[in-house]
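The values are calculated or read from the model by the stated rules, or taken from the named source; none is laboratory data. Keep in mind that what you see is a predicted model, and the values were worked out from it rather than measured. Every residue, glycine as well, gets a Cβ built from its backbone with ideal geometry; the counts of neighbours run over all protein chains shown.
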Amino acid sequence: MFEGLSFELAERQLALIVGPNGVGKTTLLRVLAGLAPPSAGTITWHGAPVAALPQERRAEIAYRGHLDGLKRDLTVRENLQFHADIWGGGSDISELLSELKLTDAADLRVRNLSAGQRRRTALATLRLTNAKLWVLDEPSTNLDADGRATVVDWARRHLAAGGTAVIATHQPEEFSAPGAVVIEI
């Protein structure tokens, strides 16, 4: 586990969490996203404790972990539409499917997808939110080179548009950007 950790991120800034398996990267991300309480200290978002954020402010934080968060009996398109309806975010779903090379799989049920297709679909839900902070746990897991490049591009575009990201990864060089904060735990 980790202790004594302190860092701040500004708009357009990236933090890369690196370290071997089992050191607490996922735990740290869950705490940052407000999904688990910190054992000590405070996590704040724009000056307010994450745990006390009102619902509309909590929607500014998007967490994508190891589980895909998809409905297995819905198709890829239905899952993306479900997330778009909930989050009110705005990407064209057909365009998103094309970008991810999932057009041919759009009407397949998620339970019939490969691990890489499920991962791409789960990460596509990020584009359907208006979240300002992306908290991503090993986002390139199960992705081929094209899928990894797409996710890296999305992260860069998110930062360029004024977003912030915290990414746990074993491949920090994939996501590195000028001004990135590297946190080794």
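When Gly147 is tested against (1) over 20 Å from Arg30 (Cα atoms); (2) out of contact with any Gly (no Cβ under 8 Å at 6 or more places or on another chain), just one condition goes unmet, and that condition is (2). Would it be correct to say that Asp85 is of a type outside the set (Gly, Ala, Ser), free of Cβ contacts under 8 Å to residues at least 40 places away in the same chain and closer than 22 Å to Val152 by Cα? When the stated conditions are applied, Asp85 does not pass them. All of Glu56, Glu3, Glu8 fail the test of being out of contact with any strand residue (DSSP E or B) (no Cβ under 9 Å at 6 or more places or on another chain), over 24 Å from Ala124 (Cα atoms) and among the charged types (D, E, K, R), apart from Glu3. Being surrounded by fewer than 16 Cβ atoms within 10 Å (Cβ to Cβ), under 23 Å from Arg148 (Cα atoms) and at pLDDT 95 or above is a condition met by no residue of the range 54-68. Would you mind finding the one in Arg109, Arg127, Arg119 that is over 22 Å from Arg157 (Cβ atoms), of a type in the set (D, E, K, R), touching a residue at least 12 places away in the same chain (Cβ under 8 Å) and touching a helix residue (DSSP H, G or I) at 6+ places or on another chain (Cβ under 9 Å)? Arg109 is the lone residue from the list that is over 22 Å from Arg157 (Cβ atoms), of a type in the set (D, E, K, R), touching a residue at least 12 places away in the same chain (Cβ under 8 Å) and touching a helix residue (DSSP H, G or I) at 6+ places or on another chain (Cβ under 9 Å). Could you go through the range 2-22 and let me know if any residue there is over 25 Å from Glu173 (Cβ atoms) and touching a helix residue (DSSP H, G or I) at 6+ places or on another chain (Cβ under 8 Å). Scanning the range 2-22, I find no residue that is over 25 Å from Glu173 (Cβ atoms) and touching a helix residue (DSSP H, G or I) at 6+ places or on another chain (Cβ under 8 Å), so the answer is no. Residue pairs whose Cβ atoms lie under 8 Å apart, separated by 6 or more positions or on different chains, with the first residue in the range 55-79 and more than 23 Å from Asp104 (Cβ to Cβ) and the second surrounded by fewer than 17 Cβ atoms within 10 Å (Cβ to Cβ) and not polar (S, T, N, Q), are Arg57/His46; Arg57/Ala48; Tyr63/Leu35.
From the list Ala40, Ala33, Ala48, exactly one residue is closer than 19 Å to Leu5 by Cβ and surrounded by fewer than 15 Cβ atoms within 10 Å (Cβ to Cβ). Which is it? From the options Ala40, Ala33, Ala48, the qualifying one is Ala40. Only residues that are at pLDDT 95 or above, among the hydrophobic types (A, V, I, L, M, F, W, C) and surrounded by fewer than 17 Cβ atoms within 10 Å (Cβ to Cβ) were counted across the range 83-106, and they come to 0.
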